[in-house]
Every structure is written in C-alpha cells, then in structure tokens.
1. Report the residue, chosen from 47, 232, 326, that carries the largest GNM mean-square fluctuation when the chain is represented by alpha-carbon nodes joined by springs under 10 Å.
2. Anyone know which of 129, 335, 261 comes out most mobile in the 10 Å Cα GNM of the chain?
3. Using the alpha-carbon atoms, what tilt in degrees (0 to 90, nearest 10) does helix 59-68 show relative to the longest principal axis of the chain?
4. Based on the Cβ-Cβ distance of residue 135 and residue 43, what FRET efficiency does E = 1/(1 + (r/R0)^6) give at R0 = 25 Å, to the nearest 0.05?
5. Per residue, how much space in cubic angstrom lies within the convex hull of the C-alpha atoms of segment 151-260?
6. Which percent of the accessible heavy-atom area of segment 285-359 goes to carbon and sulfur, probe 1.4 angstrom?
7. Looking at segment 279-381, which chymotrypsin sites (Phe, Trp or Tyr not before Pro) are DSSP coil and have at most 10 other C-beta atoms within 10 Å of their C-beta?
8. Using Cα centres only, tell me the gap between segment 201-218 and segment 233-288 in whole Å.
Amino acid sequence: MNEADYLNSDKARASGLRDAWIEVDLSAIEQNVRSFKALLRTHCELMAVVKADGYGHGAAKVAFAASVSGASRFGVATALEALALRDEGIVLPIQVLSEVPEAAFSKLMDADIIFSAGSKSFLVALSAHAHAQGRIARVHVKINTGMNRIGFAPSEIIEAFELIQALPGVEVEGTFTHFATADVEGDWEAERALETFKAAVTRIRDFGFNPGIVHAANTAATVLMPEAHFDMVRVGIGIYGLHPSDDTKGKITLEPAMSVHARTTSVDPISIGEGVSYGLTWRAFQKCEIATCPLGYADGVPRLASNNLSALVRGQRVEGAGRVCMDQMMFEIPHPLQIEKGEEFVLVGKQGDQEILMDELAQAADTINYEIACDFALRLERVYV
Ligand SMILES: *Cc1c(COP(=O)(O)O)cnc(C)c1O
C-alpha cells in the first residue's frame with residue numbers, strides 16, 4: 001500500500017461474504033492524533049503505537065492516517081509487526097518497543113527498524129551481529145522505573161551506556177521508560193517513576209553520554225502528566241478514540257474509530273419459559289422474539305459478557321440472550337418491537353441517537369477496552385469508512 005491507496009481506502013467496501021464486520025473511521029484517527037498533537041510542545045514528536053495490528057484497527061491504515069496529522073514515528077511490539085508495516089509501504093521510523101530474538105536482527109536491520117534494549121546480553125548479541133555485517137544498529141535504551149517488566153535498573157544505566165560506547169555496531173538513538181500507573185491521576189507511584197527516570201537521564205548526561213530522544217509517556221501520561229512529554233510521546237489507545245481510564249475522560253475529546261456490525265440471520269418467536277443457547281442460561285419471561293447475529297467469541301465478542309451485553313437495532317437498545325457461541329449470538333427483541341431478518345445490529349458504535357462504547361462491553365467482560373478492540377480483529381473483516 002502507498003499513500004494514494006490509503007486515501008482511496010475511503011472507498012473500501014466489505015466483501016459481502018459475511019454478515020458481520022468492523023468499520024474503522026480513519027478520519028477519527030486523524031482527528032484524535034491532531035488532538036494529541038495539540039497537547040504537545042512544538043518539537044515534541046508523536047509516536048503512534050500500532051502494535052497488535054493497530055489495536056485491531058489495521059496497523060498500516062492507522063499508520064498512514066496518523067502520519068497525515070503529524071505522527072512521525074511508529075511503535076510496534078514484534079519484529080513481524082515491524083516488517084509487515086514496512087512491506088505495506090510505511091517509510092517513517094518504526095521501533096520495536098521490546099527486545100527481539102536474535103533470529104530477527106538481520107531482517108530488522110535490512111528494513112531499517114529501530115531496536116529497544118533493556119539488557120547487556122541483548123546489546124552484546126546485537127553488536128556482534130551488526131558488526132559482523134559492517135552495519136550500525138540504532139537502539140533505544142529502556143530503563144525500568146518500577147513497572148518491573150523489562151529494562152535496565154536505574155543503577156545499571158551508566159554501565160549500559162559505557163558498554164554501548166565500547167561495542168561496535170550499535171548506537172543510541174533514544175532513551176525511554178514506561179509507566180505502570182500513569183492512568184491514575186496524581187498517582188504517587190507514577191510521580192516517583194517520573195522522578196526516577198529524570199534522575200537517570202540527568203546522570204546519563206552528567207557522565208557525558210547523549211541519551212538521544214527521551215520518551216516516557218503512553219496515552220495516559222500524555223494527557224495527565226505534561227512533565228513526562230520530554231522529546232516524544234508514545235500514544236496507543238488514544239489515537240483509536242478510546243480512553244486508557246476514566247481519569248482522562250473530560251481532559252481530551254476523542255472520537256472512537258472502530259464500530260462493530262452484524263446483520264441478523266434469523267428472527268423467530270420464542271415461547272415464554274423456553275431457553276436460549278448452550279446451557280439454556282437465559283429464559284424468555286415475556287413475549288419476545290429471538291434475533292441471531294452471525295458473530296461470536298471467535299470474532300472477539302467476550303463470552304464472559306454473555307447475558308450482560310447490548311446491541312442497537314432500529315435505533316433501540318436490545319439485550320443479549322444466552323451464552324455467546326463461537327460464531328453466533330442471540331438477542332431478545334421484546335414485544336412490540338419488530339425487526340426483520342437482515343437488519344443491521346451495532347454491537348459497538350452509534351446507531352440513531354444511541355451509542356454503545358467499547359468501554360461498556362469491556363466492563364461487562366471484566367476487562368479493558370484495549371483487549372476488546374484487539375480481539376475484534378481475530379476474524380472480522382474491516383471496512384474503512
Ligand atoms: C503499548 C505501549 C504504549 C502505548 O500505550 P497506550 O496506553 O495504548 O497509549 C506505549 N509504550 C509502550 C512501551 C507500549 O508497550
């Protein structure tokens with residue numbers, strides 16, 4: 001894909017081979033990126049995080065949309081994701097945000113992908129590999145400031161920079177950390193992590209090293225902790241129009257990009273007392289009909305939300321009936337509402353003046369909107385609008 005293809009993607013339509021699909025509004029992504037850019041100082045870069053196929057929205061399409069409104073870099077989680085983005089025509093810098101296996105080194109260098117390093121063993125291996133090929137690998141050094149997932153301890157950071165200076169074939173392009181609790185406004189642990197990071201960066205400079213591009217903020221910190229912006233922010237969930245937590249709501253206006261749709265394949269009356277779906281965990285206790293939609297947990301509808309989720313049809317809210325199956329799910333159409341086979345249901349998104357947010361479905365499944373959005377990409381076809 002190139003930029004012209006991206007711009008033409010407005011015209012993309014579903015194949016029509018399935019009566020269930022996702023719609024992704026790329027102009028919402030462009031708008032959300034603009035809203036984040038408006039929070040940043042002039043020279044602060046915005047990295048659009050497009051891991052997990054752009055949180056289920058389609059990484060390359062999202063990357064093009066984000067770059068239209070000012071994203072200048074992209075972050076991914078795996079080597080395969082980075083290579084796929086390059087293959088789709090993304091030419092801006094791409095960074096894999098954690099260490100990759102040695103088997104990926106050559107391919108990533110060929111594609112000019114930026115590495116992240118959080119250990120000496122990784123740096124040594126990358127150096128040996130790059131040097132043997134007469135190349136220089138660009139690295140961002142990861143500092144662990146309390147998430148305790150990956151990264152150098154602050155106490156090891158000078159040794160890490162000394163090691164890099166001594167090693168051929170690797171050069172520092174940036175230094176970064178990641179917050180564990182930035183989504184809680186005013187959280188003491190997040191403040192402490194920020195102070196730890198600032199102190200580490202100061203020491204790097206005091207010892208005469210250049211930390212390069214300094215970055216720390218995810219979506220939540222970009223909104224709630226302006227002091228954490230540094231040279232670049234890494235925005236994921238927010239560019240998709242979803243909030244990382246309730247604390248960012250009201251602080252930035254975001255437009256959800258993804259909506260989930262299905263056309264009902266069956267509408268049938270049910271007698272009072274009859275049950276629906278595996279285990280017959282739902283029973284009709286009033287006059288109603290049962291409408292079946294052809295999507296299920298293999299499409300990302302959380303089974304845990306069975307009997308606890310809604311959809312919109314004819315601009316009205318209807319409730320799920322019975323367990324979500326692998327490929328199908330049912331809704332109660334209460335009398336006197338009447339719908340016909342083939343009518344469109346919206347599981348997430350707007351219909352008429354009603355809206356179901358990804359957050360509502362996430363809450364029903366005791367999880368976060370991040371997971372729900374990713375999972376809808378499992379099998380549903382995406383249509384760009
Ligand atoms: C996923 C990720 C982000 C983006 O986080 P959001 O909460 O989606 O904004 C930023 N940085 C790193 C290292 C990540 O893994």
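The values are calculated or read from the model by the stated rules, or taken from the named source; none is laboratory data. Model, not experiment: these values are computed from the prediction. Methodologically, a virtual Cβ is constructed for each residue, glycine included, from the backbone with ideal geometry; neighbour enumeration extends over all protein chains shown. Quick note on the areas: whole protein, heavy atoms, side chains included, nothing else; ligands and nucleic acids left out. Shrake-Rupley method; radii C 1.70, N 1.55, O 1.52, S 1.80 Å.
1. 326
2. 335
3. For 59-68 against the chain, the angle is about 70 degrees.
4. 0.30
5. Looking at segment 151-260, the number lands at 119 Å³ per residue.
6. 47 percent
7. Numbers: sites: 282, 285, 297, 331, 345, 370, 376; in loops: 285, 376.
Sites meeting the loop and neighbour criteria: 285.
8. 43 Å
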